[in-house]
Amino acid sequence: MKLYVVILRNMKSKMAVVGEQASTPSEKQLSPIHLSVLDAFKKLRTHPEIGKAMRRRLPIVNVFEIKSHNVKCVIIYVKAYILAAIHKILPVLKKETEKILDKQVYFIGYRRIIPKPPKRSAAAKVHRPYRRTVTAVHQSILEDIAFPSEIVGKRTLYQPKTGPLLKVMLDVSHRSELEGRKLILSDVYKRLTRRDVTFAFPIHEDPVKMVKSVGKGKKKTAV
């Protein structure tokens, strides 16, 4: 009987340890850059503009670091609905986080892609939401990378050797902020989606000026 009691006690102690590890994951499992982001968020709790929002726990799905054109970039994956909820404070949050980390920071919404099933399979009869398609998810990632600028135009160029190239036009009001980041934005999108993209700004700031310039180029034909 004593032998059985000892075995049961050992089993209970092991189960308790396993349960603690499962319920409270240790910070040793997190990467150094992940811990740096958490420390940055703790410092922002006293910020006058976003301190109240940062006191609540911001669930982070994943954090990793890449290097593009000799610039270190931090990709922070947050759940999509959380990213939409903090949309108002996101410009300040992004700017202050970059100051603390001394790196470029990009907040990306975490979205799951449901692959397109074969036509004759049973899964083809199940409705697949558009937001779960590859096109919709890549479009959302593109908008997250270009933030705070808005995408004002897109064009796909088909090249025989390199394949399709997506050309994205950004809002001119954020030219001073994103002019030096265009190559980095393209590289970040390439790393996340494996697709080529280039970013540019419209030549004319005012659409009326663009229409007038096009009208001047036309020659008058004699009746």
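The values are calculated or read from the model by the stated rules, or taken from the named source; none is laboratory data. A quick note: this is a predicted structure, and the numbers were derived from the prediction, not measured. When we count neighbours, we look across all protein chains shown, and the Cβ atoms used for this are built from the backbone with ideal geometry, even at glycine.
Answer yes or no: is there a residue in the stretch 157-177 that is closer than 29 Å to Phe41 by Cα and either within 16 Å of the chain's Cα centre (by Cα) or among the polar types (S, T, N, Q) (or both).
So far as the stretch 157-177 goes, yes, one or more of its residues are closer than 29 Å to Phe41 by Cα and either within 16 Å of the chain's Cα centre (by Cα) or among the polar types (S, T, N, Q) (or both).
Among the residues of the stretch 40-79, which ones are in contact (Cβ under 8 Å) with a residue 24 or more places away in the chain and surrounded by fewer than 17 Cβ atoms within 10 Å (Cβ to Cβ)?
Once the filter is applied, which keeps residues that are in contact (Cβ under 8 Å) with a residue 24 or more places away in the chain and surrounded by fewer than 17 Cβ atoms within 10 Å (Cβ to Cβ), the stretch 40-79 yields Lys43, His47, Glu49, Val61, Asn62, Phe64, Glu65, Ile66, His69, Val71, Lys72, Lys79.
For residues in the stretch 82-108 being part of a loop (DSSP other than H, G, I, E, B) and within 15 Å of the chain's Cα centre (by Cα), which is nearest to Ile145 (Cα to Cα)?
The extreme case among them is His87.
Looking at His87 and the list (1) surrounded by 13 or more Cβ atoms within 10 Å (Cβ to Cβ); (2) assigned by the TED database to the domain that holds Ala40; (3) not basic (Lys, Arg), which single condition is not satisfied?
With (1) surrounded by 13 or more Cβ atoms within 10 Å (Cβ to Cβ); (2) assigned by the TED database to the domain that holds Ala40; (3) not basic (Lys, Arg) applied to His87, the lone miss is (1).
Cβ-Cβ under 8 Å, sequence separation 6+ or interchain: first residue in the stretch 175-188 and under 16 Å from Cys73 (Cα atoms), partner part of a helix (DSSP H, G or I) and of a type in the set (Val, Ile, Thr). Which pairs?
Leu185/Ile145; Val188/Ile145
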